[in-house]
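Data block below; observations after.
The values are calculated or read from the model by the stated rules, or taken from the named source; none is laboratory data. Keep in mind that what you see is a predicted model, and the values were worked out from it rather than measured. Methodologically, a virtual Cβ is constructed for each residue, glycine included, from the backbone with ideal geometry; neighbour enumeration extends over all protein chains shown. Each accessible area value is taken on the protein alone, full model and side chains, heavy atoms only, with ligands, DNA and RNA left out. Shrake-Rupley method; radii C 1.70, N 1.55, O 1.52, S 1.80 Å.
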Amino acid sequence: MRALTVSIDEIAQANEKTQKIIKPIDEIAFQTNLLALNAAVEEAGAGFAVVAGGVRNLSLRSAAAGKDTADLIEGTVKKVHTGSELVNKTNNAFRKVGGSSQKVGNLIAEIATASNEQSQGIQQVNTAVGKMDKVVQGNASSAEESAAASEEMTARAEPLKELVACRVTVVNGVAKG
């Protein structure tokens, strides 16, 4: 876009220089026309009058061509100026788009970083859940062992209970008698 902007500016400058060249051509055509008129008036000879008329016709054609060329160049200069303004606006818009793209890129990089951090966090949570599962399984296993031991102790306590009840009866009977 910068190169295009520079190129459009150079074209505009070249058109302005061309426009400046047309002005002297118009002046030469005008002066040639005056000279031809003066010569036709001052010279009485028919041959010179014909030449003067031819020079006058050439100067009129040159003036018309110069005017047409000047009009064309003036229109081109206006179009180039308009094009240059559009290129500048486009260039500014591209700069804004570039800045926005940079911001979007930065946001995407931040999102990627956050996603990586979340992924690591999830891995840590998964590891912790795995450890908790092992602890829960260990606790469940210990609870089962404790329940089994409790049942065994309850089973062993029954004969002792009966034995103690018998001895209490014996001790109570001996104490009375």
Checklist entry - Mind checking which pairs have a first residue in the range 78-95 that is closer than 16 Å to Glu10 by Cβ and a second that is outside any helix (DSSP H, G or I), Cβ under 8 Å, 6 or more apart or different chains? => result Val87/Met1; Asn91/Met1
Checklist entry - What number of residues within the range 139-155 satisfy the criterion of being open to solvent by 100 Å² or more (accessible area, probe 1.4 Å) and either hydrophobic (A, V, I, L, M, F, W, C) or within 60 Å of the chain's Cα centre (by Cα) (or both)? => result 1
Checklist entry - When you look at Glu117, is it over 47 Å from the mean Cα position of the chain (by Cα), part of a helix (DSSP H, G or I), free of Cβ contacts under 8 Å to residues at least 40 places away in the same chain and surrounded by 10 or more Cβ atoms within 10 Å (Cβ to Cβ), yes or no? => result no
Item to check | For Ala39: the one exception among (1) modelled with pLDDT under 70; (2) surrounded by fewer than 12 Cβ atoms within 10 Å (Cβ to Cβ) | outcome: (2)
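For every residue, the table says whether it meets (1) of a type outside the set (Ser, Thr, Tyr); (2) within 30 Å of Val6 (Cβ to Cβ).
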position: Leu58; (1), (2): yes, no
position: Ser62; (1), (2): no, no
position: Val77; (1), (2): yes, yes
position: His81; (1), (2): yes, yes
position: Val97; (1), (2): yes, yes
position: Ser101; (1), (2): no, yes
position: Val129; (1), (2): yes, no
position: Glu151; (1), (2): yes, no
position: Val168; (1), (2): yes, no
